[in-house]
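A short worksheet on the structure shown next.
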Amino acid sequence: MAGLYHTSAFVSRLLFLLTVLSVSLAAFAFVLQWRGGLPDPSTRWAPDDDPTEFHGMGGSKPVRLSDSSLSGCENILGQSRMPSFPYFKDWKFNLESSSGSDLKPKISITTSTSAGLEQILPWLFYHKVIGVTNFFLFVEGKAASPNVSKVLESIQGVKVIYRTRELEDVQAKSRIWNETWLAGFFYQPCNYELFVKQTLNMEMAIVMAREAGVDWIIHLDTDELLHPAGTSEYSLRRLLADLPEDVDMVVFPNYECSVERDDVKEPFSEVSMFKKNYDHLPKETYFGNYKEATRGNPNYFLTYGNGKSAARVQDHLRPNGAHRWHNYMKSPKEIKLDEAAVLHYTYPKFSDLTSRRDRCGCKPTKEDVKRCFMLEFDRAAFIIASTVTEEEMFQWYREHVVWTDKALIRKLIKKGILTRIYTPMVIIQGLKESGVFASVVASAHRNIIKEESLSSTGNRNDSRYPHITDTFPRKMGRILEPQATARKFLEFSETDRQAISPQSPPGMDGIHLHKIPSVHNSS
């Protein structure tokens with residue numbers, strides 16, 4: 001009986017100790033969480049360092065955006081109960097912080113644009129996310145209007161250059177005019193004029209990049225997004241940092257968007273299907289499915305197919321047309337990336353037909369459009385937009401641009417010609433939901449109102465446009481003005497080859513199909 005009593009007492013004491021221990025642990029955990037000692041699961045996506053910085057823009061390791069993490073992106077974008085890109089929830093850009101001087105390599109993008117904020121802001125902040133620190137924007141048209149340019153000027157790392165008479169006078173002194181490699185594009189309208197203008201702007205951007213301590217410079221249009229595939233961090237900075245030091249230039253083959261609807265409003269957020277570049281496909285796959293992939297258009301791509309390039313900023317660097325860079329004093333070492341690409345959103349909206357038509361004054365004839373456009377599809381689109389009714393134009397757009405044949409899409413995806421790329425649209429949707437774009441516009445708008453209230457009289461243009469001598473350092477003249485000694489040396493170096501223009505992908509002309517094993521077996 002005594003033994004039973006002792007056993008019962010022991011059990012009672014044990015239960016009491018366990019109860020006290022459990023209560024103590026619970027109280028300890030409560031105190032720790034109340035004092036901030038335990039992480040809140042709801043904030044697990046918050047950055048570890050400065051909450052005002054995006055991953056990839058500071059010293060911390062960028063967010064991993066591997067293919068596996070994006071496998072459900074299509075579902076995420078379709079669900080309103082969760083943010084489409086939780087990594088950026090409640091994040092803000094600190095516009096007063098440094099422009100990334102501690103980041104290596106430091107990357108810049110230069111562009112010539114007349115687009116509006118609805119296109120430029122997603123383009124710009126997307127590239128900030130993947131590692132670009134400096135932007136040199138040569139603006140005119142809508143992009144140069146006060147409501148747009150003032151917003152752009154307010155963004156850290158952005159330099160806005162207006163096409164003023166002063167700028168044109170400086171560019172008129174460029175050594176390019178005395179050389180032969182761009183001469184074939186001089187004094188022609190529309191696309192040719194734009195090509196020359198882009199090249200001259202790229203030349204100036206090189207000087208600004210050097211002044212800013214930039215390591216790499218890239219020329220992109222505002223309808224193009226860099227896609228740094230092949231890096232675990234989805235980081236352009238990581239991609240360029242991993243290159244051998246002797247590499248001077250890197251070519252990004254371009255993929256062309258393939259829209260599936262005729263009512264696209266925001267291409268960066270709505271388009272996920274792209275046609276792969278020839279350089280990223282087996283030859284037998286490319287040529288074996290060429291006809292189906294082309295769909296009756298003049299070429300495999302609607303527009304260009306020779307990609308864009310990045311150049312290491314160094315002595316004697318020069319543009320070689322809008323698609324490439326070169327060097328006055330040496331033959332640069334150039335490599336082509338086998339995974340990373342430029343995503344080109346060409347003709348994603350029906351209105352692109354009329355906007356291109358309105359920018360050029362050529363006659364809608366087969367002969368005259370050759371003066372304006374370098375590529376066959378641009379010529380055909382211009383003629384259609386200039387000669388038929390809107391209903392007929394819409395039908396033509398659906399037949400030649402929009403992909404409506406679901407069976408063909410499935411087949412070409414299976415073959416590897418078409419591919420789904422979700423990362424850019426998820427990033428841009430996340431940026432939009434985080435309020436970055438609205439915040440930048442609202443802040444700039446307040447500054448515009450303040451400036452207008454302070455300004456009373458005087459020439460608006462004088463106060464609005466910075467002087468070119470302020471924008472560009474004095475040594476700009478030494479680069480732009482013809483130099484007799486340098487020119488004499490260049491006569492002995494093979495650098496006067498023609499600038500690389502927009503070029504179509506390889507066509508079927510001259511291809512011996514019997515040499516391609518799988519052509520006759522494609523299905």
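The values are calculated or read from the model by the stated rules, or taken from the named source; none is laboratory data. Small disclaimer: the values here were computed from a predicted structure and weren't measured. Here the Cβ positions follow ideal geometry from the backbone for every residue, glycine too, while neighbour counts run over all protein chains shown. Accessible surface is based on the protein model in full, side chains and every heavy atom, while ligands, DNA and RNA are left aside. Shrake-Rupley method; radii C 1.70, N 1.55, O 1.52, S 1.80 Å.
Here K159, K150 are screened, and the one residue that is out of contact with any Gly (no Cβ under 8 Å at 6 or more places or on another chain), in a strand (DSSP E or B) and open to solvent by 30 Å² or more (accessible area, probe 1.4 Å) is K159. Filtering the range 278-303 to residues that are farther than 13 Å from G416 by Cα and aliphatic (A, V, I, L, M) leaves only L302.
Does any residue in the range 367-396 that is over 14 Å from R356 (Cα atoms) come within less than 6 Å, Cβ to Cβ, of a residue that is open to solvent by 10 Å² or more (accessible area, probe 1.4 Å) and part of a helix (DSSP H, G or I) six or more places away or on a different chain, and which pairs are these? Cβ pairs passing all conditions: W396/I384. Residues in the range 101-130 that are part of a loop (DSSP other than H, G, I, E, B) and in contact with a Leu (Cβ under 7 Å, 6 or more places away or on another chain): P105, I130.
Pairs are defined by a Cβ separation below 9 Å, a sequence spacing of at least 6 or placement on different chains, a first member in the range 346-359 that is within 17 Å of S258 (Cβ to Cβ), and a second member that is basic (K, R) and open to solvent by 30 Å² or more (accessible area, probe 1.4 Å); the pairs so defined are Y347/R356; K349/K265; F350/R398.
Filtering I427, I448 for residues that are farther than 30 Å from N289 by Cα, at pLDDT below 95 and in a helix (DSSP H, G or I) leaves a single hit, I448. In summary, F195 fulfils each of the numbered conditions (1) in a loop (DSSP other than H, G, I, E, B); (2) at pLDDT 95 or above; (3) not β-branched (V, I, T) with the single exception of condition (1).
Out of everything in the range 264-290 that is within 15 Å of the chain's Cα centre (by Cα) and part of a helix (DSSP H, G or I), what residue ends up being surrounded by the fewest Cβ atoms within 10 Å (Cβ to Cβ)? Going through the qualifying residues, I end up with S269.
Within the range 202-210, the presence of a residue that is closer than 21 Å to W123 by Cα, surrounded by fewer than 20 Cβ atoms within 10 Å (Cβ to Cβ) and modelled with pLDDT of 95 or more is excluded. Total residues in the range 105-141 satisfying the condition of being open to solvent by 10 Å² or more (accessible area, probe 1.4 Å) and among the aliphatic types (A, V, I, L, M): the figure is 3.
Yes/no per residue for (1) in a loop (DSSP other than H, G, I, E, B); (2) open to solvent by less than 10 Å² (accessible area, probe 1.4 Å); (3) touching a residue at least 40 places away in the same chain (Cβ under 8 Å):
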{"position": "D246", "(1), (2), (3)": "yes, no, yes"}
{"position": "E256", "(1), (2), (3)": "no, yes, yes"}
{"position": "D262", "(1), (2), (3)": "yes, no, yes"}
{"position": "E292", "(1), (2), (3)": "no, no, yes"}
{"position": "G296", "(1), (2), (3)": "yes, no, yes"}
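The set of residues in the range 353-377 that are charged (D, E, K, R) and either in contact with a helix residue (DSSP H, G or I) (Cβ under 7 Å, 6 or more places away or on another chain) or modelled with pLDDT under 95 (or both) comprises R356, R357, D358, R359, K363, K366, E367, D368, K370, R371. Quick one: is R81 modelled with pLDDT of 95 or more and open to solvent by 10 Å² or more (accessible area, probe 1.4 Å)? Here the answer is no, as R81 does not meet what is asked. Of all positions in the range 215-233, at least one carries a residue that is surrounded by 21 or more Cβ atoms within 10 Å (Cβ to Cβ), modelled with pLDDT under 95 and in a loop (DSSP other than H, G, I, E, B).
Considering the range 397-451, the residues that are within 24 Å of H280 (Cα to Cα) and polar (S, T, N, Q) include one that is farthest from the chain's Cα centre (by Cα), namely T419.
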